[in-house]
Amino acid sequence: MCYDLAVNLTNLTREEMRQWIVTLGEKPYRGDQVFRWVQGRGVHDLEAMTDLAKPLRERLRAEITTAPLALDAMQLSQDGTRKLRLKTHEGRFIESVLIPDSGGAGDEATDQDEEEGDTPAALAPRRPKLTQCISSQVGCALDCRFCATALLGFGRQLTAGEIVAQVQHARSLVASLPAEDPTRRAGADHLTNIVFMGMGEPLHNLHEVERAIAILTDPLGPNLSPRRITVSTAGLVPGITRFAEVPPVRRPNLAVSLNATTDEVRDEIMPINRKWKIADLLAAVRAFPLERRRRVTFEYVLLAGVNDTIEDAHRLPQLLRGIPCKVNLIPWNPHPQAPYRRPEQRVIQRFQEELRRGGLAVYLRRPRGDDIDAACGQLAARGEDHQPLVTLRSR
Ligand code: SAH
């Protein structure tokens, strides 16, 4: 690593911080102390770091401690979902969404049983969830035809510091909200889950995503369990294989946006499939190690007349046979410029029933925050008037 330039202290894992601080002639444990202030307590004010000697604090002044993202705007949905728009140092925008429990049964209510360790689900009190959906890139390089983020094109990779800063902003926001605030009303007083399902393809930014997860799961940092972190991919096979090698203490859950049951349809709606076919993708998923009671999530965006046929519903359980998994059905969320429709309710229900009949665990995802363009596939950094803040690419 090169230390000629100022080091952004929010962008270092604990191990990197320990190594760097040694180059200043300090003992490695001083790195732990700085890390704990910055990532564990979210403190950027050097004066507050009272367990550090003054000369070290003076030396740290030359480095950057401020969060690399500024909170630029916030929108609140009728359902309590909050969308945060964050600005990078060079003035680009990314989005991050806070999603409280919906309070109803049906969608992801049963996720909890996996997270309560050995306690039988029926006995475990259901702890309210507050999930943050975070971005891994500015825009996205993939060109999934149904997704609004794709229209932005690829801006750049986010650094680990920027990925973690989204969580830090959300943590301090949630801590400042009164208990009766709509985002907290379901009962969660802190962030419980993180999903890499915002803007971007996390496995296309594997190095920074891995470093971000190292920071997020660090006991001296936010100390999130990797069981409560999910990385979602459109199907970058080498990335899945790489992720499989991450040690279990840092290995998050895997979600795969499958969205089709034939290569013909998937090639069309997700061009990444022309590179890695469904069979290659599922082979990589089958090789992904799962801890006890863990499952892979398959997301399936339902597009009317495209991937919602009864044949699809019959093929899907065949394809996924033998993989410990669950399927999240996401009725397509509309956004301008897309030639798709959400299937009718009865079609969605029949699809779900057929999958159940085929032996799959299926959850129907209700759109959350769609009134503020915060639902799956709607993140495109638009303003309050739904107009783009950046130029969209046209197809
Ligand atoms: N690139 C990663 C992370 C993004 S996750 C991935 O593809 O998994 C975003 C999820 O929303 C994906 O499952 C995607 O298939 C889904 N999605 C995209 N556009 C959507 C839309 N308009 N309506 C519903 N879901 C959508």
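The values are calculated or read from the model by the stated rules, or taken from the named source; none is laboratory data. What you are looking at is a predicted structure, and each value in this text was computed from that prediction instead of being measured. No Cβ is skipped: glycine too gets one built from the backbone with ideal geometry, and neighbour counts run over all protein chains shown. Ligands, DNA and RNA are stripped out before the accessible areas are found, and what is left, the full protein with its side chains, is counted by its heavy atoms. Shrake-Rupley method; radii C 1.70, N 1.55, O 1.52, S 1.80 Å.
Can you run phi through the Karplus equation (6.51, -1.76, 1.60; θ = phi - 60°) for segment 95-101 and list ³J(HN,Hα) in whole Hz, with x for Gly and Pro?
With the stated coefficients, segment 95-101 comes to 10, 8, 10, 9, 10, x, 3 Hz.
Specify the angular offset, from 0 to 90 degrees and rounded to the nearest 10, of the alpha carbon long axis of helix 206-216 from the longest principal axis of the alpha carbons in the chain.
Its long axis makes an angle of about 60 degrees.
Can you list the residues, at least 5 places off or on another chain, whose amide H is less than 5 Å from the amide H of Val195, using H built in the peptide plane?
Gln132, Cys133, Ile134, Thr230
Averaging sequence separations of C-alpha pairs under 8 Å and six or more residues apart, then dividing by the length of the chain, give the relative contact order as a whole percent.
16
If one computes P(r) from the Cα atoms of segment 1-77, what percent of pairs lie at distances over 19 Å?
Pairs farther apart than 19 Å: 33 percent.
Give, in nm to one decimal, the length gained when the segment between Asp189 and Gln345 is fully stretched (0.36 nm per residue of separation minus the Cα-Cα distance).
Additional length available on full extension: 52.8 nm.
Put +1 on the Cβ of each Lys and Arg and -1 on the Cβ of each Asp and Glu in the chain; which of Ser257, Cys140, Ala70 then has its Cα farthest toward the positive end of the dipole?
Checked the options; the winner is Ser257.
Accessible area per residue for the chain in Å², computed with a 1.4 Å probe and the full protein assembly in place, what is it?
Values: 17030 Å² over 395 residues.
Per residue, the chain has an accessible area of 43 Å².
Let me cross-check Glu268: its accessible surface, 1.4 Å probe, with only protein heavy atoms counted, in Å² to the nearest 10?
Spelled out: Glu268, probe radius 1.4 Å, area about 110 Å².
At a 1.4 Å probe radius, carbon and sulfur cover how many percent of the accessible area of the chain?
Numbers: 8820 of 17030 Å².
It is 52 percent, rounded to a whole number.
Any idea what log10 I(q)/I(0) is at q = 0.07 Å⁻¹ for the chain, Debye with uniform C-alpha scatterers and no solvent?
The calculated log intensity ratios at q = 0.07 Å⁻¹ are -0.32.
Just to confirm a number: summing +1 for Lys and Arg and -1 for Asp and Glu over residues other than Gly187 whose beta-carbon lies under 12 angstrom from that of Gly187, what do you get?
Value of the local net charge: +1.
Relative to the Cα centre, what is the charge dipole magnitude of the chain, using +1 at the beta carbon of each Lys and Arg, -1 at the beta carbon of each Asp and Glu, and rounding to the nearest 20 debye?
440
Rounding to the nearest 10 and keeping the result within 0 to 90°, find how far the Cα-based axis of helix 160-176 lies from the longest principal axis of the chain.
That works out to roughly 90 degrees.
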